[in-house]
Amino acid sequence: MESIKADDLVVVRGGVTVLDHLTFGVPAGTVTGLLGPSGSGKTTLLRVIVGVQKITSGTVTVLDRPAGEASLRHEFGYTTQTPSVYVDLTVAENVRYHAALHGKRRDAVDEAIASVGMSELEDRLVGKLSGGQRNRVSLACALVARPRLLLLDEPTVGLDPVLRRDLWALFKLLAAEGVTLLVSSHVMDEASRCDRLLLLRDGKLLTDDTPDGLRAVTGTHDLDEAFLRLVEHGEVAA
Amino acid sequence: MNVRLTIATALRVGTQLRRDHRTLALVIVVPCVLLWLFSELFADASMIFQRLAPAMLGVFPFITMFLVTSVAMVRERTSGTLERLLTTPIGRADLVLGYALAFAVLSLVQACVATAVALGLLGMDRPASVIVLVLVALANALLGTALGLGLSSLATTEFQAVQFLPAVALPQILLCGLIVPTEQMAGWLDALSRVMPLRYAVDAMQTLTGAAAVEGRVWRDLVVIVGCVLVALGLGAGTLRRRSA
């Protein structure tokens, strides 16, 4: 079963083709990595899926409904690349507001804050936190809805290796519970942690495969190298 | 519309306001200081103060709330929190009303303090009804909030948002009857001021303080102001577009 399906998706913005005929599926209950250099269209693709970006042509289906349908807003959590949280509110106040928007109660708030390791700082103003900590608050605001689908735009930027490992463990745990995650990153070493990979470059989909599949196709164990080979040799004989 | 989401938003905006002590102090104290300046300026011409003070009580909440709202909305936009909110179950009307509700509470405090100072310390003539006077001030605050919400979508930076004040508010302040009574204005200026909501606010305030009872004219003015608020709030919610090209 697929949580997200794109069919021949094209987005043209200001005369520039940002997403170029994308067709792919994101299987339910997996962590799918959306990888590619900055400017490759990752954020635009996520914005299409959450329904704030107009589609030029093609279709995108999310949980069997067209992307942007109002009922979907109850079902997914979304974090933007720059943490969109209120700097003049505390950690707990930010998460509580998002809990209220989704009709969730106090225990969901505590759980979301704990799962990103921010319990000790919950009464701290977000404006006084570091960039990495703000990112975690932003993630907690998405988790508090306990969504079936999580769309995370570069959630691990600015985090130390220990926190990154912990967050990826959390993503795996959520996937095991049936949550579908689409996680964008421009760091290839995170690719190996994903169940599936979507590689974007200049708005085109270079590959839609598992990490092992990508390694086999490109003949290298190193995913960074695999990406380079895909870019340099264009089409890979599959 | 969802009352729970509206109230959650109003509480969130209220908490943000409460944290900003300097803004709160400015919103409450500045109108009182300005009223005092007016009373000193016209110490020998109390007739003028009696005409100006009630008008000012109508103009202050409009200006303050216009500025606070438009800057707050531009901040929501530029920080990415607005786009994020639009991906959650909250409706655009809930968001707009939540803001309006939080700012209404702030302007109620402002109106009560400024009215108390004008009546108690500066010797402004007692209006026909203090409650109706505060009600008109509150309607003006909502008008400022509603116009600020509506126009904030035209501004992409806080700089631009602030520049809307001289563009939108100053012409109204010039023509609303505060500086020159509307009946003394040239015909075309009078006609122009009739399409400006602030004229009705000032008219209501001056009618209230010039008579012993609340005249029908005050209620007519109030209806006009509330009508403008509803139109502007509708436009404000309408300009919050969920999808961008």
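The values are calculated or read from the model by the stated rules, or taken from the named source; none is laboratory data. If you're wondering where the values come from, they're calculated on a predicted model, not measured in any experiment. For neighbour counting, all protein chains shown are included, and Cβ atoms are generated from backbone atoms with ideal geometry for every residue, glycine included.
Of the candidates A:202, A:153, the single residue that is at pLDDT 90 or above, surrounded by 17 or more Cβ atoms within 10 Å (Cβ to Cβ) and within 23 Å of residue A:44 (Cα to Cα) is A:153. Only one of the listed residues (B:237, B:201, B:139, B:155) is part of a loop (DSSP other than H, G, I, E, B) and either within 22 Å of residue B:102 (Cα to Cα) or more than 12 Å from the chain's Cα centre (by Cα) (or both). That residue is B:155. Here residue A:109 does not fit the description of being in contact (Cβ under 8 Å) with a residue 40 or more places away in the chain and either β-branched (Val, Ile, Thr) or more than 10 Å from every other protein chain (Cβ to nearest Cβ) (or both). Determine whether residue A:111 is part of a helix (DSSP H, G or I) and within 20 Å of residue B:5 (Cα to Cα). The answer is no for residue A:111.
Hey, could you check region A:126-141 for residues that are farther than 14 Å from residue A:96 by Cβ and hydrophobic (A, V, I, L, M, F, W, C) and say which is surrounded by the fewest Cβ atoms within 10 Å (Cβ to Cβ)? Taking the candidates together, the pick is A:129. The set of residues in region B:1-48 that are at pLDDT below 90 and within 12 Å of another protein chain (Cβ to nearest Cβ) contains only B:2. It is to be established whether one or more residues within region B:109-117 are surrounded by fewer than 18 Cβ atoms within 10 Å (Cβ to Cβ) and within 30 Å of residue B:77 (Cα to Cα). Yes, the conditions are met somewhere in region B:109-117. Among residues that are within 28 Å of residue B:15 (Cα to Cα), touching a residue at least 24 places away in the same chain (Cβ under 8 Å) and surrounded by fewer than 21 Cβ atoms within 10 Å (Cβ to Cβ), residue A:178 is not included. None of B:190, B:203 is under 24 Å from residue B:131 (Cα atoms) and of a type in the set (Asp, Glu) except B:203.
For region A:153-238, the helices (runs of 4 or more DSSP H) that sit wholly inside it and include 2 or more residues that are under 15 Å from residue A:31 (Cα atoms) and in contact with a Ser or Thr (Cβ under 7 Å, 6 or more places away or on another chain) are A:161-176. Is there a residue being out of contact with any helix residue (DSSP H, G or I) (no Cβ under 7 Å at 6 or more places or on another chain), hydrophobic (A, V, I, L, M, F, W, C) and not in a loop (DSSP other than H, G, I, E, B) anywhere in region A:121-141? Yes, the conditions are met somewhere in region A:121-141. Restricting to region A:71-99, name every residue that is in contact with a strand residue (DSSP E or B) (Cβ under 7 Å, 6 or more places away or on another chain), buried (at least 24 other Cβ atoms within 10 Å of the Cβ) and not hydroxyl-bearing (Ser, Thr, Tyr). Within region A:71-99, A:76, A:77 qualify. If we keep just the residues of region A:2-28 that are surrounded by 13 or more Cβ atoms within 10 Å (Cβ to Cβ) and in contact with a His (Cβ under 9 Å, 6 or more places away or on another chain), which is nearest to residue A:148 (Cα to Cα)? Restricting to residues being surrounded by 13 or more Cβ atoms within 10 Å (Cβ to Cβ) and in contact with a His (Cβ under 9 Å, 6 or more places away or on another chain), the top hit is A:9. Only residues that are at the interface with chain A (Cβ under 7 Å from one of its Cβ atoms), among the polar types (S, T, N, Q) and surrounded by fewer than 19 Cβ atoms within 10 Å (Cβ to Cβ): list them for region B:75-90, please. Matches in region B:75-90: B:79 only. Annotation: of all residues in region A:29-59 being of a type outside the set (Gly, Ala, Ser) and touching a Lys or Arg at 6+ places or on another chain (Cβ under 7 Å), the one that is surrounded by the most Cβ atoms within 10 Å (Cβ to Cβ) is A:34. Out of B:93, B:102, B:72, one residue alone is within 14 Å of another protein chain (Cβ to nearest Cβ), under 14 Å from the mean Cα position of the chain (by Cα) and in contact (Cβ under 8 Å) with a residue 24 or more places away in the chain. It is B:102. The requirement of being polar (S, T, N, Q), within 15 Å of the chain's Cα centre (by Cα), over 15 Å from residue B:69 (Cβ atoms) and surrounded by 15 or more Cβ atoms within 10 Å (Cβ to Cβ) is fulfilled nowhere in region B:173-196; no residue meets it. So which residues in region B:1-17 are exposed (fewer than 14 other Cβ atoms within 10 Å of the Cβ) and not in a helix (DSSP H, G or I), if there are any at all? Hit for region B:1-17 is B:1, nothing else.
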